[in-house]
Amino acid sequence: MKTLKPTTMRDALIEQIYLGMKSDKKLFFVSADFGSPVLDKIRKEFSSNFINVGIAEQNLVNVVTGLALEGFVVYAYAIAPFLSMRAYEQIRTNLALLSQLKPVNVNLISVGAGISYDVSGPTHHCLEDIALMRLLPNIMVFSPSDWVLSEKFFKVTCDIAQPKYIRLDAKPLPAIYSLDEDIDFTKGFAKLKEGSDVCLISTGYMTHKALNIAEMSKKENINCSVIDIFMIKPLDLVALQKVLCKFKKIFVLEESFTGKGGLDSLVYNLIREANIVADVRAFGFKDEYVFELGSRTYLHEYCGLSDEVIMKAIKDTF
């Protein structure tokens, strides 16, 4: 039985791709000169279905589009800010537009969501990709909070012939979900904790923070629900509205710029359209880049995103 030790999302997903390639010759992997221990096995055993295009993300999208048009299920693998922004025109034209006319099964594996490349500085932080990718029609946006979700998403990549943007954290993270859990990817979210006072909505790494804050809140006699949004798009908005309408206090947590079209914008729009009356507050990064260097914990403290700061904000609403 697999131990649920901290694991990187990319290794969990690529391991499933590797196992799938043993029986499915239509699976193809293309890397922008980006590696991983698991990827070495694909390169060695399935060299005819592997290409390294070099540090050329725009060409990466061009190549995988061509392969998808030939009937392959293709995985494009690169660092998040460079894949989502350097190749944005190619993603828009080759994938978003084209997939409206014909099936194109391209899976963009984007590693380094948020500030998971913390010490690499603002060039390697990726605080824009949720807003950028949810803007494009016809592209699914997957934002898992742990490696179990990432692993289970492999079947979706094979079954749905549509472009997918898969935003993965770069660091090993503990499991939140269990391996035997049945994940409803069509719903797009899961309630991880039940509480009646405050609803914490989060995605990716910030779900780990939300769970920790929910535990902290118990000491203050505050009960927090935690909603993990793992499918930014598509998302069952009706089902999510039914959950949110029960709360008067909603906090949105994300490693993105706030007020710029990320998860907070999704929640604000949903609440407005459903005429939900609630105090909604967004915690993320303000309208500037972070040049300070340090660990993720240090950068969160520096930017006002520490658990203690968010906990105080929650207490102040009572």
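General remarks:
- Rounded to whole numbers, the Karplus 3J(HN,Hα) couplings from phi for segment 278-292 are 7, 8, 10, 10, 10, 10, x, 9, 6, 6, 6, 7, 9, 8, 5 Hz, using 6.51 cos²θ - 1.76 cosθ + 1.60 with θ = phi - 60°, and x at Gly and Pro.
- Of all lysines in the structure, those lying under 17 Å Cα to Cα from Lys286, and not within fewer than 8 positions of it along the same chain, are Lys260.
- Working from Cα pairs under 8 Å separated by at least six residues, relative contact order for segment 198-274 is 40 percent.
- Förster radius 41 Å - calculated FRET efficiency between Gln241 and Lys41, Cβ distance, rounded to 0.05: 0.40
- The antiparallel fraction among DSSP beta bridges confined to the chain stands at about 20%.
- Charge dipole of segment 125-235 (Cα centre as origin; +1 on each Lys and Arg Cβ, -1 on each Asp and Glu Cβ, all else neutral): 240 debye, rounded to the nearest 20.
- Our helix-only sum for the chain, with -39,500 (n - 2.57) per DSSP H run of n ≥ 4 divided by its residues, gives a mean residue ellipticity at 222 nm of -9500 deg cm²/dmol.
- Remark: segment 258-269, residue by residue, has Karplus-estimated 3J(HN,Hα) of 7, x, 10, x, x, 4, 4, 5, 4, 5, 4, 5 Hz, where x stands for each Gly or Pro and the curve is 6.51 cos²θ - 1.76 cosθ + 1.60 at θ = phi - 60°.
- Cα-centre dipole for the chain with unit charges at Cβ (Lys and Arg positive, Asp and Glu negative), debye to 20: 500 debye
- Placing unit charges on the Cβ atoms only, positive for Lys and Arg and negative for Asp and Glu, gives segment 189-315 a dipole magnitude near 400 debye about its Cα centre.
- Across segment 65-73, rounded Karplus estimates of 3J(HN,Hα) from the backbone phi angles (6.51 cos²θ - 1.76 cosθ + 1.60, θ = phi - 60°) give 5, x, 5, 5, 5, 8, x, 7, 8 Hz, Gly and Pro being marked x.
- A cut-off of 5 Å between modelled amide H atoms, ignoring neighbours fewer than 5 places along the same chain, links Asn223 with Ser196, Asp197, Val198.
- Selection from Val104, Gln16, Ala80 lying farthest towards where the dipole of segment 1-109 points positive, charges on Cβ: Gln16
- In this structure, the pairs whose alpha-carbon distance is over 19 Å, taken from Lys187/Lys209; Lys218/Lys312; Lys191/Lys249; Lys155/Lys233, are Lys187/Lys209.
- Backbone amide hydrogens, once placed in the peptide plane, bring Thr8 within less than 5 Å of Leu173, excluding anything fewer than 5 places away on its chain.
- Relative to the longest principal axis of the Cα atoms of the chain, the long axis of helix 147-159 makes an angle of roughly 50 degrees.
- Cα-Cα over 31 Å, subset of Lys22/Lys193; Lys164/Lys242; Lys5/Lys164: Lys22/Lys193
- Bridges between two residues of segment 192-318, per DSSP, are antiparallel at a rate of about 5%.
- Residues in segment 5-24 reached by a label modelled at Leu179 [backbone nitrogen below 17 Å; 7 Å Cα→Cβ]: 5-20
- Taking all Cα pairs closer than 8 Å and separated by 6 or more residues, the relative contact order of segment 9-168 comes to 26 percent.
- In segment 160-232, the trypsin sites (Lys or Arg not before Pro) that fall in loop regions by DSSP, at most 10 other Cβ within 10 Å: Lys219
The numbers here are math on the coordinates, done by the rules we state, and not lab data. All figures in this text were calculated on a predicted structure; none of them were measured in a lab. Cβ sites come from the backbone with ideal geometry, for glycine too, and all protein chains shown count toward neighbours.
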